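Q: If you scroll down you'll find the structure; I have some questions about it.
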Amino acid sequence: MPPLEKVLREAKPNPLIYGLYEWAGEYLEYRDSIKKVGWRAYRCGGPMSDQAMQAFAEDDTEVMYCAGTAPQKLDATPQEDEAFIRNYAQSITALLTRYGPNGTLFRDNPKIPNRPLRNIEIWNEPNFEYLIRPDNRPQAELEAARFALYAKLLPAAYTAAKNWSKEVNVVGFGAGGASAGDIRFIQSVNRAGPSALRSYDILSTHPYVEPVAPEATSVRSWGRYSIAASLAEIRADLASHGRAEVPIWYTEVGWPISKQDGGSYAMAGIQVNPDLQAAYVCRLYAFAQRLGVRRVHIMSVNDTDNFNSGFFQRDGSWRPSAHAVQTMIQLMPSPRLIGVLSDGEDGYFAYRFAPKEDPAATPVLMAWNVSGPKVVELPMKASRATIFDMVGHRQTIAVTGDKIRLEIGPLPVYVRGE
């Protein structure tokens with residue numbers, strides 16, 4: 001865990017911690033439900049369209065576009081790198097020419113709110129098969145080719161974006177974090193030299209640990225890793241290169257449910273039930289604030305890519321995860337971490353948040369226990385306390401002796417003095 005004092009000192013009200021990963025077409029299809037849940041920060045993939053960008057602008061959202069859907073490089077032949085990189089940089093310029101600051105969409109359509117695209121993520125999981133496809137080379141050689149190419153691609157994209165507008169934030173890496181695969185890739189690119197090291201304003205990664213909980217350690221045959229431990233390694237690497245203050249975003253992460261529980265795909269391995277899926281998403285939104293992470297884009301609007309992590313069923317109905325996020329946003333629309341009652345001791349977490357920018361707003365305590373029920377005592381300087389479960393059901397109880405006794409479990413609860 002990063003030092004609590006530093007995290008609390010730097011914490012600010014942050015409605016954009018609640019993020020969603022979707023494609024432009026999905027936003028248009030599920031727009032009403034997405035707005036009802038309350039998200040306002042998006043990682044957008046797939047082809048961008050005028051219609052989608054207009055909708056994002058009208059809805060007063062923050063959009064980070066993942067410019068990682070261009071064709072993969074077919075192999076690692078260095079002679080091909082120059083043309084590949086040049087074409088990609090040109091695609092960044094073309095994107096910003098239309099949708100970036102002073103873009104033609106807004107110049108040509110003055111009735112569209114002037115909220116241009118200001119965050120560009122350079123590729124999706126370039127450390128995996130999305131940049132250079134697997135072939136017959138040894139894995140170590142293939143990995144080396146990927147980070148060598150990305151170390152040249154990132155500066156070219158950065159230059160293209162900043163040449164268009166200094167207002168554009170370049171989000172580097174978008175690295176796949178499953179099995180801690182992001183750490184080695186980030187370290188290798190950062191070691192490639194100052195050109196790559198200085199060519200991102202924000203570092204993004206995808207801290208998948210499923211099926212375990214966001215606070216837990218994933219144990220594999222080769223070792224173990226966790227969201228918090230991986231983040232500590234990434235931050236240590238940034239600090240060693242003089243870039244300790246780079247903001248870190250989680251731009252893709254999620255937990256799948258089984259087909260038997262309503263998922264679209266028959267998946268191998270272990271999945272979580274819909275209630276735990278909902279709990280893990282909300283707990284990560286809270287846990288990320290304790291880690292000092294400023295954005296969390298959860299995958300995804302609906303099930304995709306053989307991964308049952310969607311918030312909505314194909315027929316548009318809401319899963320528990322959508323209801324749970326809606327509850328969290330309604331109770332804490334612009335949260336700021338202001339205190340910690342329990343920081344994971346024996347799996348028990350209790351974080352106190354200022355729920356919105358209004359300094360008179362009553363703080364909200366969010367609590368959960370990672371495994372099984374646990375009875376806890378919570379301090380409460382109020383005559384009554386209202387307890388909300390994960391999906392918004394409430395009960396109000398009397399407070400005696402400046403504390404309440406409450407049974408908590410893996411599904412988070414929210415407590416507010418009245």
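Q: Would you confirm, using the coordinates I've provided, whether Met366 is under 25 Å from Pro2 (Cβ atoms), assigned by TED's automatic domain parsing to the domain that holds Arg283 and either surrounded by 15 or more Cβ atoms within 10 Å (Cβ to Cβ) or among the polar types (S, T, N, Q) (or both)?
A: no
Q: Filter the stretch 317-342 for residues that are of a type outside the set (A, V, I, L, M) and either out of contact with any Phe, Trp or Tyr (no Cβ under 7 Å at 6 or more places or on another chain) or under 17 Å from Arg40 (Cα atoms) (or both) and give the result.
A: Ser317, Pro320, Ser321, His323, Gln326, Thr327, Gln330, Pro333, Ser334, Pro335, Arg336, Gly339
Q: Return the residue satisfying two criteria in turn: it lies in the stretch 224-235 and is in contact (Cβ under 8 Å) with a residue 12 or more places away in the chain and not in a helix (DSSP H, G or I), and of such residues it is nearest to the chain's Cα centre (by Cα).
A: Filtering the stretch 224-235 for residues that are in contact (Cβ under 8 Å) with a residue 12 or more places away in the chain and not in a helix (DSSP H, G or I), the one nearest to the chain's Cα centre (by Cα) comes out as Ser226.
Q: Looking only at the stretch 150-169, which residues are within 20 Å of His206 (Cα to Cα) and surrounded by 22 or more Cβ atoms within 10 Å (Cβ to Cβ)?
A: Correct list: Tyr150, Leu153, Leu154.
Q: List pairs: first residue in the stretch 311-325 and within 9 Å of Ala279 (Cα to Cα) and in contact (Cβ under 8 Å) with a residue 24 or more places away in the chain, second residue among the basic types (Lys, Arg) and crowded, with 16+ Cβ neighbours inside 10 Å anywhere in the structure, Cβ distance under 7 angstrom, at least six positions apart or on different chains.
A: Pairs found: none.
Q: Restrict the check to the stretch 390-408 and report whether at least one residue is within 25 Å of the chain's Cα centre (by Cα), outside any loop (DSSP other than H, G, I, E, B) and crowded, with 16+ Cβ neighbours inside 10 Å.
A: Taking the stretch 390-408 first, the residues within 25 Å of the chain's Cα centre (by Cα) are 390-392.
So of that shortlist, the ones also outside any loop (DSSP other than H, G, I, E, B) come out as none.
Checked the stretch 390-408: no residue is within 25 Å of the chain's Cα centre (by Cα), outside any loop (DSSP other than H, G, I, E, B) and crowded, with 16+ Cβ neighbours inside 10 Å.
Q: Would you be able to say whether some residue in the stretch 95-110 is in contact with a strand residue (DSSP E or B) (Cβ under 6 Å, 6 or more places away or on another chain) and in the same structural domain as Pro47 (by TED's automatic domain parsing)?
A: Residues of the stretch 95-110 that are in contact with a strand residue (DSSP E or B) (Cβ under 6 Å, 6 or more places away or on another chain), as a first pass: none.
Within the stretch 95-110, none of the residues are in contact with a strand residue (DSSP E or B) (Cβ under 6 Å, 6 or more places away or on another chain) and in the same structural domain as Pro47 (by TED's automatic domain parsing).
Q: Of the conditions (1) at pLDDT below 95; (2) under 25 Å from the mean Cα position of the chain (by Cα); (3) surrounded by fewer than 17 Cβ atoms within 10 Å (Cβ to Cβ); (4) not in a loop (DSSP other than H, G, I, E, B), Arg86 satisfies every one except a single condition; which number is it?
A: (2)
Q: From Glu62, Glu121, Glu82, grab the single residue that is farther than 15 Å from Asn169 by Cβ and not hydrophobic (A, V, I, L, M, F, W, C).
A: Glu82
The values are calculated or read from the model by the stated rules, or taken from the named source; none is laboratory data. Quantities reported herein were computed from a predicted structural model and do not represent experimental measurements. Here the Cβ is made from the backbone with ideal geometry for all residues, glycine too, and neighbour counts use every protein chain on show.
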